[in-house]
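**Q** Handing you a structure now.
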Amino acid sequence: MPALTRLAISATPSLAFSSSKKCTAKLQILPSNLIKFPLNFNPPQTPKLSIKAKSSSSSNPSTVNDASASSAPDSLKSRLKNGETLYGIFLLSFSPTIAEIAGLAGYDFAVVDMEHGPGGITDALHCLRALSATRTPAILRLPESSPTWAKKALDLGPQGIMFPMIESPKMARKAVSYCRFPPEGIRGSAHTVVRASDYGIDEGYLSDYAEELLIMCQVETEEGAKKAEEISAVDGVDCVQMGPLDLSASMGYLWDPGHKKVREMMRVSEKGVLKGGAYLGGFAMPHDGPIDLKTRGYHMVSGTVDVGLFRSAAVDDVRKFKMSLIQGSDDEAEDGKDGDEKYWSE
């Protein structure tokens, strides 16, 4: 290693140099083996800022309010504890623009679906950032219930995580363990650098993460539906999400999710979830609308899917135009009448 240089400057103790006083500099060459660095160096801590907003009456300092407390929206778990019924949307397109529109539209939450959508972790991150800009809580649905997928998803910092195809209390306990750091679980730790902890800036992350994270287990097979109450009672499971499409397929009614036997199994499972103590979540269906779910005690209702919304709007738009071509002769006969009508702003 080459020798390092040290510049030693000696000068008068005056705060300003004058022309009558000299400043001398001595250059010393020190061997590299004499240079020692402290082993216990810690970077300076960045002080936390408390942002406060002044009231309209600036002359009264006692009326100053803490803006950080009032500006932060309530978490999903706190809203559920307050008895609210939350209405959300599933995002399969992985379009940040659609995610942003969904947030601005006023949905209480958005589920970024990595199970059936084409995107992965990187694509989900873009959607989470778009939702964060609209202050809309994001839930990530995993492709499978595994510690690796859970770890990568949780490091992004969603408010909720959804595990698919949970069929037993044992699987539910494993899912919860994927969300907890040791010794309570097996989640890998990189909390000093990941987005979930504001890249290490949030010093309270380790103290608060378990309380703030909404853990959802999806019951969507006949076997899981029969054990819904036991799954709901597992410590750490906050919400059980019913899956009517996969449930109907597992019962042999792939093309008929509204079949009587499927509906009966759904009702038994719903009652089991509520009895077990977890919140009840589910999808609205053509035969089972959002209000129907709310009436039966659902706490979280997903009313639509972004791809389905666009599909319906696009098909309807094309249909209207095609129908107008068929009815063109009738419209042409009334062209004279249209000319006499005034535009709304005239």
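The values are calculated or read from the model by the stated rules, or taken from the named source; none is laboratory data. Bear in mind the structure is a predicted one, so any value in this text is a computation, not a measurement. Ideal geometry is used to build each Cβ from the backbone, glycine not excepted, and the neighbour counts take in all protein chains shown.
**Q** Could you pull out the residue among I139, I186, I161 that is touching a residue at least 12 places away in the same chain (Cβ under 8 Å) and surrounded by fewer than 20 Cβ atoms within 10 Å (Cβ to Cβ)? Show your work before the answer.
**A** Values: I139 fails: surrounded by fewer than 20 Cβ atoms within 10 Å (Cβ to Cβ); I161 fails: surrounded by fewer than 20 Cβ atoms within 10 Å (Cβ to Cβ).
Sole residue among the options that is touching a residue at least 12 places away in the same chain (Cβ under 8 Å) and surrounded by fewer than 20 Cβ atoms within 10 Å (Cβ to Cβ): I186.
**Q** Here is a further query. Kindly establish whether T192 is among the polar types (S, T, N, Q), without any contact (Cβ under 8 Å) to a residue 40 or more places away in the chain and surrounded by 16 or more Cβ atoms within 10 Å (Cβ to Cβ).
**A** Details: among the polar types (S, T, N, Q): yes; without any contact (Cβ under 8 Å) to a residue 40 or more places away in the chain: yes; surrounded by 16 or more Cβ atoms within 10 Å (Cβ to Cβ): no.
Taking the combined requirement at face value, the residue does not satisfy it.
**Q** Can you tell me which of (1) assigned to a helix (DSSP H, G or I); (2) over 22 Å from K294 (Cα atoms); (3) in contact (Cβ under 8 Å) with a residue 12 or more places away in the chain is the one E167 doesn't meet?
**A** All conditions pass for E167, except number (1).
**Q** Looking at segment 230-268 only, could you name the residues that are in contact (Cβ under 8 Å) with a residue 40 or more places away in the chain and farther than 24 Å from R79 by Cβ?
**A** E230, P244, D246, M265, M266, V268
**Q** Answer with yes or no whether G336 is assigned to a loop (DSSP other than H, G, I, E, B), out of contact with any Leu (no Cβ under 6 Å at 6 or more places or on another chain) and either at pLDDT 95 or above or not charged (D, E, K, R) (or both).
**A** no
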